[in-house]
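Structure first, then comments.
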Amino acid sequence: MREDSLELTPWLIRYAYSEGAFPMTVEDGRVEWFLPRRRALFPIEGIHVSRSLRKVIDRGEFEIRFDSAFEEVMRGCLRPDENWISEEFIRVYTAIHHEGWGHCVECWKDGRLVGGVYGIAMGSCFCAESMFHRETNASKVALWAIVERCRKLGFTIFDAQFMNRHLASLGAFEIPNRDYQKLLAQALKQSTPWSL
């Protein structure tokens, strides 16, 4: 579902997400709002970890940090083309981070940020927005780490928005929007240390 472009604010983001909608910047720079018929989620019990990924995690190839470089993670998620993150997005989601309900996980190696995931926390629902990597497996380790953290903090939903092959290979699954709305309504009645 798409609606006319509106100025992004933390309040508008909070309202839209509570209704199951989320924004994306389209080709001409406008912000449009989407409400997918099917929603991609990760099991809160954890992502699918292959043997090779388990070795990377167990060896501690990356230093994992939370919430120490939120804007840098967002900028890491920028793409050369077909980019849906704008400077307006970075400004508003960074403000949400400063308000205490925008969070990220970072993978560091040799003092460099090489991967990460960012998103927002509302009630016991974590809505992951995007991820990136500059080293092999860094985004997978970041995703593993943030799902693990969310489970430990008491989240009940880990929302990944749209399904794709990469997410499916990591254990994501789809549910109809009507089922997501029911789960979301329950999650918004709860709280976690990452939520407002």
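A short reminder: the numbers here are calculations on the coordinates, not readings from a lab. Quick caveat, the model's predicted, so the values are computed rather than measured. Methodologically, a virtual Cβ is constructed for each residue, glycine included, from the backbone with ideal geometry; neighbour enumeration extends over all protein chains shown.
For Arg134, what charge total do you get from the other residues with a beta carbon under 11 Å from its beta carbon, if Lys and Arg give +1 and Asp and Glu give -1?
Values: positive: Lys109, Arg112; negative: Glu135.
For residues surrounding Arg134, the net value is +1.
In cubic angstrom, how much convex hull volume per residue do the alpha carbon atoms of the range 10-187 span? Don't skip to the end; give the middle numbers.
Numbers: hull volume 20.3 nm³, N = 178.
It is 114 Å³ per residue.
Expected output is a single nm value to one decimal: the length gained when fully extending between Leu53 and Gln190, i.e. 0.36 nm times separation in residues minus the C-alpha distance. What is it? Don't jump to the answer; show the numbers that get you there.
Working: separation 137, 0.36 × 137 = 49.32 nm, distance 3.24 nm.
So the chain would gain 46.1 nm between Leu53 and Gln190.
Sort 9-22, 111-124 by packing, meaning the average of other beta carbons within 10 Å per residue, with the highest value first.
Details: 9-22: 15.8, 111-124: 22.8.
Packing order, densest peptide first, comes out as 111-124, 9-22.
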>> Less than 14 Å Cβ to Cβ from Leu113, Lys/Arg counted +1 and Asp/Glu -1: what total charge do the surrounding residues give?
In response: -2
> Under 29 Å from the Cα of Lys55, which lysines turn up, not counting those fewer than eight places away in the same chain?
Replying inline: Lys109, Lys140, Lys152
> When the chain is treated as a GNM, springs tying every alpha-carbon pair under 10 Å, which of Pro23, Pro80, Pro176 comes out with the largest mean-square fluctuation?
Replying inline: Pro80
